[in-house]
Amino acid sequence: NSAPVLTIDGPSGSGKGTISRLVAERLGWHLLDSGALYRAVGYAAGAEGLDLSDTEAVTRCAQTTKIRFRDPGDGGETRVIVNGHDATDELRTETAGAAASAIAAIPGVRSALFEKQRDFRRNPGLVADGRDMGTVIFPDARYKVFLTASADERAKRRYKQLKNKGLNVTLAALLREIQARDERDAARTVAPLRPAEDALTIDTTGISVDSVVAAVLSVVRPA
Ligand code: C5P
């Protein structure tokens, strides 16, 4: 499979989701939101009443959970269907993020999702958003970017995002949750969060979305 891939990795709130979507639109490429897969498995495990530290049961859950992305076709948000249920709203909560981060540290879960993620690689190209896109899933990607931002800025962005979606959160609690999640993602032994050696790191603190999109696009299409 030789379809070009652009990997966009980084911590939560680094702007990855927004930037990946806009860049994929601009390039006319497919999009993989790999975080949604981990969120979906965490959600399915919770719905089955599994103990998230039961690695065997959660691995089995990752292997059997059916996850589909559905484009509503009206320019609206992509829906995530988990075992036939539209779980989009449940998946965006910080609770779902924490569950995702917990089950994402289980090696069996990561291998269960390995091929599923690689299947997204199709022509004319793929923008892959996650934590280990450039290091583990698409190490041979043609273009690699790592987005960062200060923890404060990331908490503020997340706060705005969740508020806009009508969720009840406080900035202080979000900052704590985001820091805890990043520490766990960076400290785990399988696929820890870190930039690929050949990735271009972009610090997005105080930079507008448009400027970041332009910077990422220039990696794929140098002026
Ligand atoms: O990007 P998002 O916040 O949706 O990801 C939720 C969680 O899923 C992350 O905190 C991380 O633990 C996990 N994840 C991962 N590898 C990826 C994408 C997400 O471990 N490629």
task = At 18 Å minimum axial length over the Cα atoms and a Kyte-Doolittle cut of -1.0, report the qualifying DSSP H helices in the chain, or say none.
result = 34-47, 171-187
Dipole magnitude (debye, nearest 20) for the chain, charges at Cβ of Lys, Arg, Asp, Glu = 320 debye
note = Listed by chain and number, the residues whose amide H is under 5 Å from that of residue 5, excluding neighbours fewer than 5 places away on the same chain and using placed H, are 126, 142, 143
key: Residues of segment 89-129 with amide N under 15 Å of a point placed 7 Å along Cα→Cβ from residue 70   = 89-90
ask   = Along the positive direction of the dipole of the chain (beta-carbon charges: Lys, Arg +1; Asp, Glu -1; about the Cα centre), which of 97, 148, 57 reaches farthest?
value = 148
The chain - share of DSSP beta bridges that are antiparallel (%, nearest 5) = 25 percent
task = If a/c stays under 1.5 just call it rounded; otherwise compare a/b with b/c (prolate if a/b is bigger, oblate if not). Do that for segment 1-75, with a ≥ b ≥ c from the square roots of the Cα gyration tensor eigenvalues.
result = prolate
message = Please report the equivalent ellipsoid semi-axes of the chain, computed as sqrt(5 x eigenvalue) of the Cα gyration tensor, largest first, in whole Å.
response = 25, 21, 18
ask   = In deg cm²/dmol, rounded to 500, what helix-only [θ] at 222 nm does the chain give when every DSSP H run of at least 4 residues adds -39500 (n - 2.57) and the total is split over its residues?
value = -14500 deg cm²/dmol
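Would you mind ranking 163, 116 so that the residue whose beta carbon has the fewest other beta carbons within 10 Å leads the list? Mind dumping the intermediate values first?
Numbers: 163 12, 116 15.
Listing 163, 116 from fewest to most nearby Cβ atoms yields 163, 116.
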key: Relative contact order computed over segment 5-218 (Cα-Cα under 8 Å; 6+ residues apart), in percent   = 33 percent
Amide H partners (placed H, <5 Å) of residue 201, local residues excluded = 146
ask   = For segment 87-126, what does the alpha-carbon gyration tensor say about shape, rounded, prolate or oblate, given a ≥ b ≥ c as the root eigenvalues, a/c under 1.5 as rounded, and a/b over b/c as prolate?
value = oblate
remark   = Taking segment 23-125, the equivalent ellipsoid from its C-alpha gyration tensor has semi-axes in Å, biggest first, of 25, 16, 11
remark   = Ordering 34-40, 93-99, 120-126 by per-residue average of other C-beta atoms within 10 angstrom, highest first, gives 34-40, 93-99, 120-126
task = Starting from the Cα-Cα distance between residue 161 and residue 211, subtract it from 0.36 nm times their residue separation and give me the gain in nm to one decimal.
result = 16.1 nm
query = Of the listed peptides 6-14, 65-73, 177-185, what is their order by residue-averaged count of other C-beta atoms within 10 Å, with the highest listed first?
reply = 6-14, 177-185, 65-73
inquiry  = Could you tell me the calculated FRET efficiency between residue 48 and residue 115, based on Cβ-Cβ distance and R0 = 35 angstrom, to the nearest 0.05?
reply    = 0.95
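Values in this text are rule-based calculations from the coordinates and carry no lab data. What you are looking at is a predicted structure, and each value in this text was computed from that prediction instead of being measured. Virtual Cβ from ideal backbone geometry, glycine too; neighbours counted across all protein chains shown.
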